[in-house]
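Colleague: Here it is, the structure in full.
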Amino acid sequence: MTAALPEKRGGGVGGIPPVAPTHAFPERMPVLTSIRFWLALGVVLFHYQLNIVAEGGMGVSLIERARLAVDFFFILSGFVLSHVYGRQVRDGTFHYGRFLTARMARIYPAHGLMLVLMVVIVSVAVALGQPFDSQSYSFAGLVAAAGMIHAWLPASVPNEWNGPSWSLSAEWAAYLAFPVFAWIGLRSGRNPWLTLGLAIAGFVALDAFYRWRFGEILTHAELVLGVLRIAPEFLYGVALYQLGARLKLSPTVTRLAAGLSVVTLLAMMHFAADERLTVAVAGLVILTLALLARTDAAFAAHPWAVEAGEASYALYLVHLPLLIIWKNGMALLHGVDSTYRLPLWEAAVLLALTIGAAFALHAFWERPARLWLRWSIRKGADDRATIPPTSKEKS
C-alpha cells in the first residue's frame, strides 16, 4: 500500500523500447496518488464500522468491502514500481541495493514510530491495570513486526502490534522478491498477456491452497500467511502496466472506460460480489485511471488531493493506535468496558482528529525521515567508495 508516484530522477520512464512504449504513461500520474487517500480512508471506515455496529449487526456493505483496498494497494504497488523501475530493468541499470534502500526509507519511519507508540500504549495499559490480550501483544510478536516478517508466518495468535502493518510485511516480501517479478514481467521481450496469465493462475492456485489449508479465500489472508495474498496481485499490477503501455485509446473511450470501471467496482462492493472478482476489477480501475492520466495529466492533480494521497500511508498506520487510545480513554473516563460500541458522533470527531494526525505525521516525521534516511545511506555509500583500498585489499 506504499507505492507512490515516481520522483523525478535520471533514467525516467519515457520511451521504453521495445516492449512498452509507443504510448507509454506520463512520468507523473497524480490520480494514482490522489486515489490512495480514499483507499486508506476506506480501511479506516471499515475498522470504525467494526466498533460501531453491534456484534451480529448489519453494517454498510460498501464499507465492509472497503477492506479490499489493501488488495488495490498491492496491485497499485506492482503497477507503480513497474512504472518507476521498468526501464532500468530493461536497460540493465537496475540496482537492487538502491531499490531496497528507497523502499525501506519509504515504509519504515512511520511503521517504526507506530510500533513505539503501541509499546507506549501497552505499557500504560499495564500500569493502569487495563485488560488486554498478552498473547496478541507478545514480545516475539513485537520482534516479528519490527522485522516486518509477521505476515510471512502461519500465526496461531493475532499479532496486534498495529494490525494493519501486516500488509507492510507482505509489501516488504514483494520488494525483496522484486527481481523475480521483474524477470517475469519487465525484461525486454516479455509478453504481458503471459504475465497476466501467470498472475491469474497464481491467484487461483494460492486461493485453492488457502481454502484447503485454512478454510478461507485468499482475500482473507492477513496475519496468517498474508504474504501469499500479495504475490499474484503484485504481478497482476506488473502485467497491467505492460498492457497499458501498449494501449492507444481515444480520450472519450478512456474516460468512459475509467468511469465504467469505477462504477462497476463500487457496485460490486455494494452488492457484496465475490471478493476475488472485485479484486480483478480493482486492477482495471488502476489501469483505466492511469490511461486517463495519459489523456488528461491534470486530472485529480489538485495540490491538496495529491498531498492527501501522500499522507494516506500515515493515515493507514496511525488510525488504529488512535482508535485504541480513544476507546480506552473514554472507557476510563466513563467507567465502561473498552469494547463499548462507538457512537457516530465519537467516530466523526475521532476521524477528524485522525486525518489531522495523519497529515502531521506525514509532514513532520514520515517525509523528513524518508529523505534523511536516503541521504544518510547514499552518503555512507559514497564515503566508502572514496576510501582508498589498503595494501592488502590492493593485492
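The values are calculated or read from the model by the stated rules, or taken from the named source; none is laboratory data. Keep in mind it's a predicted model, so treat the numbers as computed, not measured. Here the Cβ is made from the backbone with ideal geometry for all residues, glycine too, and neighbour counts use every protein chain on show.
Colleague: Which residue pairs have Cβ atoms closer than 8 Å, lie 6 or more positions apart in sequence or on different chains, and pair a first residue in region 154-166 that is in contact (Cβ under 8 Å) with a residue 40 or more places away in the chain and within 22 Å of Arg213 (Cβ to Cβ) with a second residue that is crowded, with 19+ Cβ neighbours inside 10 Å and of a type in the set (Phe, Trp, Tyr)?
Modeller: Listed by first residue and then by second, the contacts come to Asn159/Trp166.
Colleague: Continuing with this model, one more query. Just for region 119-173: of the residues that are hydrophobic (A, V, I, L, M, F, W, C) and modelled with pLDDT under 90, which one is nearest to Thr339 (Cα to Cα)?
Modeller: Phe132
Colleague: Looking only at region 186-201, which residues are more than 27 Å from Asp91 (Cβ to Cβ) and under 22 Å from the mean Cα position of the chain (by Cα)?
Modeller: Ile200
Colleague: Under the condition of being closer than 14 Å to Ala290 by Cα and free of Cβ contacts under 8 Å to residues at least 40 places away in the same chain, which residue from region 207-259 is surrounded by the fewest Cβ atoms within 10 Å (Cβ to Cβ)?
Modeller: Applying the filter and picking the extreme gives Ser250.
Colleague: Quick one: would you say Leu223 is of a type in the set (A, V, I, L, M) and closer than 21 Å to Gly244 by Cα?
Modeller: For Leu223, the condition - of a type in the set (A, V, I, L, M) and closer than 21 Å to Gly244 by Cα - is not met.
Colleague: Under 6 Å by Cβ, and 6 or more places apart or on different chains, what pairs join a residue from region 44-60 that is part of a loop (DSSP other than H, G, I, E, B) with one that is among the β-branched types (Val, Ile, Thr)?
Modeller: From residues that are part of a loop (DSSP other than H, G, I, E, B), the pairs are Gly59/Val53.
Colleague: So which residues in region 276-303 are modelled with pLDDT under 95 and out of contact with any helix residue (DSSP H, G or I) (no Cβ under 6 Å at 6 or more places or on another chain)?
Modeller: Passing the criteria: Arg294, Asp296, Ala297, Ala298, His302, Pro303.
Colleague: Also, I was wondering about something else. Taking Gly197 as meeting all but one of (1) assigned to a helix (DSSP H, G or I); (2) free of Cβ contacts under 8 Å to residues at least 40 places away in the same chain; (3) buried (at least 18 other Cβ atoms within 10 Å of the Cβ), write down the number of the exception.
Modeller: Every listed condition holds for Gly197 apart from (3).
Colleague: Then there's this: Could you check region 111-162 and list, in sequence order, the residues that are buried (at least 19 other Cβ atoms within 10 Å of the Cβ) and of a type in the set (Ser, Thr, Tyr)?
Modeller: Of everything in region 111-162, just one residue is buried (at least 19 other Cβ atoms within 10 Å of the Cβ) and of a type in the set (Ser, Thr, Tyr), namely Tyr137.
Colleague: When you scan region 91-136, how many residues do you find that are part of a loop (DSSP other than H, G, I, E, B) and within 19 Å of Trp166 (Cα to Cα)?
Modeller: Residues that pass the stated criteria total 4.
Colleague: Follow-up question, since we're still on this one. All but one of (1) over 29 Å from Arg98 (Cβ atoms); (2) modelled with pLDDT of 95 or more hold for Leu315, so report the exception by its number.
Modeller: (1)
Colleague: Search region 260-292 for residues being surrounded by fewer than 22 Cβ atoms within 10 Å (Cβ to Cβ), among the small types (Gly, Ala, Ser) and over 20 Å from Glu216 (Cα atoms), and hand back the single one that is nearest to the chain's Cα centre (by Cα).
Modeller: So, considering only residues that are surrounded by fewer than 22 Cβ atoms within 10 Å (Cβ to Cβ), among the small types (Gly, Ala, Ser) and over 20 Å from Glu216 (Cα atoms), the one nearest to the chain's Cα centre (by Cα) is Ser261.
Colleague: Report, by residue number, each residue of region 280-311 that is of a type in the set (Phe, Trp, Tyr) and either part of a helix (DSSP H, G or I) or without any contact (Cβ under 8 Å) to a residue 60 or more places away in the chain (or both).
Modeller: Trp304
Colleague: Can you pull out every residue in region 326-358 that is part of a helix (DSSP H, G or I) and buried (at least 16 other Cβ atoms within 10 Å of the Cβ)?
Modeller: Correct list: Trp326, Lys327, Asn328, Met330, Glu346, Ala347, Leu350, Leu351, Thr354, Ile355, Ala357, Ala358.
For (1) under 19 Å from the mean Cα position of the chain (by Cα); (2) not aliphatic (A, V, I, L, M), each residue gets a yes or a no:
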| position | (1), (2) |
| --- | --- |
| Arg98 | no, yes |
| Ile107 | yes, no |
| His150 | yes, yes |
| Ala155 | no, no |
| Gly163 | yes, yes |
